[in-house]
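Below is one structure; the comments refer to it alone.
Throughout, read-outs are computed from the coordinates displayed, never taken from laboratory work. What you are looking at is a predicted structure, and each value in this text was computed from that prediction instead of being measured. Cβ placement follows ideal geometry from the backbone for every residue including glycine, while neighbour counts extend to all protein chains displayed.
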Amino acid sequence: MTVQVFGHKSPDTDSTGSPIIWAWYLNEIKGVAAEAKLLGEPNTEAAFLLERWNLDKPEIIADVTDDQAVVIVDTNNPAELPANINGADVQAIIDHHKLVGGLETKGPIDITIRPLACTATIMYDLIGDDMAKMPEAIKGAALTCILSDTLEFRSPTTTDHDRAVAEKLAADLGIDIAAYAAEMFAAKSDVSSFSDAELLRMDSKEYAVEGTKFRVSVLETTAPAVVLDRQASLMETMTTVASEDGVDQVLLFVVDILNEEATLMVPNDLVKAVAEKSFGVTVEGDAVVLPGIMSRKKQIIPNLKV
C-alpha cells in the first residue's frame, strides 16, 4: 500500500513542502511507495514554492480510509487532521509542535518531535548523509519551508540549527537568502483574490481556553495595510466563520514581518478582554498593536487567557 504523507488542514508552506520532502525520501532512499497529499488548498506562499521549484501540487484529500498507511508531518493534533485519522494506520509523526494527544495507532510507531522552528529542519537531520542525493527542487522546498516558518530568522521560534540548515541549503542552491525571502513574502502578502472567510481560515488553528473555543488566525505579511484596509468586513465575517466552524470567536492577528509586530482586530468585548489579559495591553478602539509578537506557537497560543 502506498503511504500517504500529509500535514495539517489549511496547509501553509511547511505543511505543503514537508510532505513532498518526506515522500521523496521514502520513495527514493527507503524504497517505500509514498505520495504527498494536502488537506486543503495551499496558501499563496506555498503555491509560490510549488511554482518556483516546478513541483507538482499534491492531491487534496478530504479524509483517509480505514487502515490507510500514513505519515503525519507538521502537526500531531487530531483537530487539524482528517476525521478518520484514528482509523488509518499511522506509521510515523514528524513534528515541531507541542504534544496534543488524542491520536491512536495500530501499533508502535516512529515519533520525532523536536523544538525546532520547522519540520523541514528535522527532516534534514533525519535524512542525514542521504541529503547529498536530494535533487535541487526538494532542497528548494526545504529551504522555503525553513525561511517561511522562521520568517527569515525573525521569529522567536528560530534556533541556531534552523539558521545553519537554511544557510547550508541556500549555499548548495546558490540562492541569496534575503532576496529569495523577499520573493516568498511578496507571494504570501498577495491576498487580493481571497474572500474574507478564506483569509480568516487560511492560516488558522483551533484552540480552546478554559472552555472558550477560538479559531486563531495569523496572516503574515510585508503589506499589513492591505489586510487592515479590509478590517470592517473581516470583523463582520468573523461571526459567520465562527458559527460555521463551531467556535466561539475568531482571533485575527496580522503579523507585520518587517516591523516585527502584530495587529489584533478587536470586534467585541470578549476579544478586548482576551487582548488585555493575554498581552498586558490597554485596548482602545477596534484594533491593538502588539510589538514583538510574531509567533502563534510560541507567543500567542501559550499566552491566551479569557
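In table form, for the structure just shown:
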item	result
Karplus-derived HN-Hα couplings along segment 150-159 (A = 6.51, B = -1.76, C = 1.60, θ = phi - 60°), whole Hz, x at Gly and Pro	8, 6, 6, 6, 7, 5, x, 6, 4, 10
Counting DSSP beta bridges with both ends in the chain, the antiparallel % (nearest 5)	40 percent
Within segment 196-303, percent of DSSP bridges classed antiparallel, to nearest 5	65 percent
Cα-based radius of gyration of segment 165-293 once divided by 2.2 N^0.38 Å, which approximates compact folds	1.18
Solution diffusion estimate, µm²/s, Stokes-Einstein, segment 16-173, Kirkwood Rh from C-alpha pairs, 25 °C, viscosity 0.890 mPa s	153 µm²/s
Gain upon complete extension [Ala225, Val306; 0.36 nm per residue less C-alpha separation]	26.3 nm
Å³ per residue enclosed by the Cα convex hull of segment 90-154	108 Å³
Leu126/Ala232 FRET efficiency (R0 51 Å; Cβ-Cβ; nearest 0.05)	0.65
Per principal axis, descending, Cα span of segment 108-195 in whole Å	44, 32, 24
Low-density loop positions, GluC sites (Glu not before Pro), segment 243-306 - DSSP coil, at most 16 other Cβ in 10 Å	Glu260, Glu284
Top of Pro19, Pro82, Pro108 by mean-square fluctuation, Gaussian network on the chain, Cα under 10 Å	Pro108
Gain in span if fully extended, Leu270 to Glu51, counting 0.36 nm per residue against the direct Cα distance	74.7 nm
Restricting segment 1-95 to GluC sites (Glu not before Pro) in coil, as DSSP defines it, with at most 16 other Cβ within 10 Å	none
For the chain, built as a Gaussian network whose Cα springs stay under 10 Å, the top-fluctuating residue of Val100, Val288, Val165	Val100
Choice from Asp196, Asp63, Asp256 with maximal GNM fluctuation in the chain (Cα, 10 Å cutoff)	Asp63
Convex hull of segment 33-72 built on C-alpha atoms - directionally averaged projected area, nm²	3.5 nm²
Nearby aspartates and glutamates by direct alpha-carbon distance to Lys106 (threshold 16 angstrom, same-chain neighbours under 8 apart not counted)	Asp66, Asp67, Asp89
Calculated over the chain: convex hull of Cα atoms, volume per residue (Å³)	124 Å³
At 0.890 mPa s and 25 °C, Stokes D of segment 146-241 from Kirkwood alpha-carbon radius, µm² per second	158 µm²/s
Computed [θ] at 222 nm, deg cm²/dmol, the chain (DSSP H ≥ 4; -39,500 (n - 2.57); rounded to nearest 500)	-11000 deg cm²/dmol
